[in-house]
Amino acid sequence: MPQNPDPSEVPVFILCGGLGTRLKEETEFRPKPMVPIGGRPILWHIMRKYAKCGFRRFVLCLGYKSEYIKSYFLNYSSMNSDFTVNLKSNALTVHSVDHDQDWDVTLTFTGDLNMTGSRIAQAVERHLGSAEHMAVTYGDGLTDADLAGELAFHAAHDKIGTVLGVNPPTRFGELKLDGDRVLEFDEKPALVDNWINGGFFFFRRAFADYVSQDESCVLEQQPLRRLADDGQLAIFKHAGFWACMDTQRDRDQLSELWETGDAPWQR
């Protein structure tokens, strides 16, 4: 039996470089992963979800408006703690660290307009190190899936990649009928017999051979299609909560969940 990898030793590569054009009212001013949910960037929520599952090493693949994300993490301790600054010497003393994030965060610029596969290829070459496994995700998706469980599932089979499979919501409501009588009204039921890419991946280091640093390399096209064609992609099915922040409406719905105090991704 293969030994389960320690999540704390598995680097999590997060795609943070896209333009986010479908959320232009927000991304005109900041990169999409920095759009706030309940006062914190969605990127923080994603990282905290991984941290709850034992992960602590993050590699952020930057592009569009990368300076916003760099500034956020460069100033993280001072923005979340009491500190004193000496205005003559500019010396900074942080008196206490008033947060519980024990994370190592690497920020790597992967091009202004590069596609997702290109960003991953660059970041993996620079920052995978000796790790046998890696996690890959996007900077706009949230879930309550057991990501440590997905990692264990991934390590237990001999395939190169694992994708989190989720049930897609329908665009329209569904009526269950008995003749002319409505038995059940479901506003947006999940399609429980259908599975889509939930955007939370695990790969063995051999996946580096499937992606290219060419700026046109799209993760979801040739790399993943080739992986599937080679019989090297497994699915970890998750029937629970999953959401992708594509529009302002999505953002509002996620914010509303957070404000209830019971956001599924933070349980």
* Asked: Which FRET efficiency, nearest 0.05, do residue 86 and residue 19 yield, Cβ-Cβ r, R0 51 Å?
  -> 0.80
* Asked: Where does the chain land on the Kirkwood hydrodynamic radius, alpha-carbon pairs, in angstrom?
  -> 19.9
* Structure fact -> Answer in debye to the nearest 20: the dipole magnitude of region 77-139 about its Cα centre, from +1 Lys/Arg and -1 Asp/Glu charges placed on Cβ, is 300
* Among 72, 95, 85, whose Cα sits farthest toward the positive end of the charge dipole of the chain (+1 at Cβ of Lys/Arg, -1 at Cβ of Asp/Glu, about the Cα centre)? -> 85
* Compute the length gained on full extension between residue 125 and residue 194: take 0.36 nm times their separation in residues and subtract their Cα-Cα distance, giving the result in nm to one decimal. => 21.4 nm
* Exposure ranking of 265, 258 by accessible area [1.4 Å probe, largest first] -> 258, 265
* Of the options 227, 29, 165, report the single residue whose Cα projects farthest towards the positive end of the charge dipole of the chain (beta-carbon charges: Lys, Arg +1; Asp, Glu -1). => 29
* Asked: Using the Kyte-Doolittle scale, which helices in the chain average at least 0.0 and also have C-alpha atoms spread 27 Å or more along the helix axis, with helices defined as whole DSSP H runs?
  -> none
* **Net charge, residue 256 excluded, C-beta distance under 13 Å - Lys, Arg +1, Asp, Glu -1** => -2
* Carbon plus sulfur fraction of accessible area for region 25-136, probe 1.4 Å, in percent -> 49
* Asked: Using a Gaussian network for the chain with springs between C-alpha atoms less than 10 Å apart, which of these wobbles most: 169, 41, 11?
  -> 169
* What do you reckon, how do 30, 119, 249, 22 stack up by accessible area (1.4 Å probe), largest on top? -> 22, 249, 30, 119
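The values are calculated or read from the model by the stated rules, or taken from the named source; none is laboratory data. As the structure is a computational prediction, the values presented were derived from the model and not from experiment. Using ideal geometry, Cβ is built from the backbone for each residue, glycine included, and neighbour counts are taken over all protein chains shown. Surface accessibility is based on the protein's heavy atoms, side chains included, excluding ligands, DNA and RNA. Shrake-Rupley method; radii C 1.70, N 1.55, O 1.52, S 1.80 Å.
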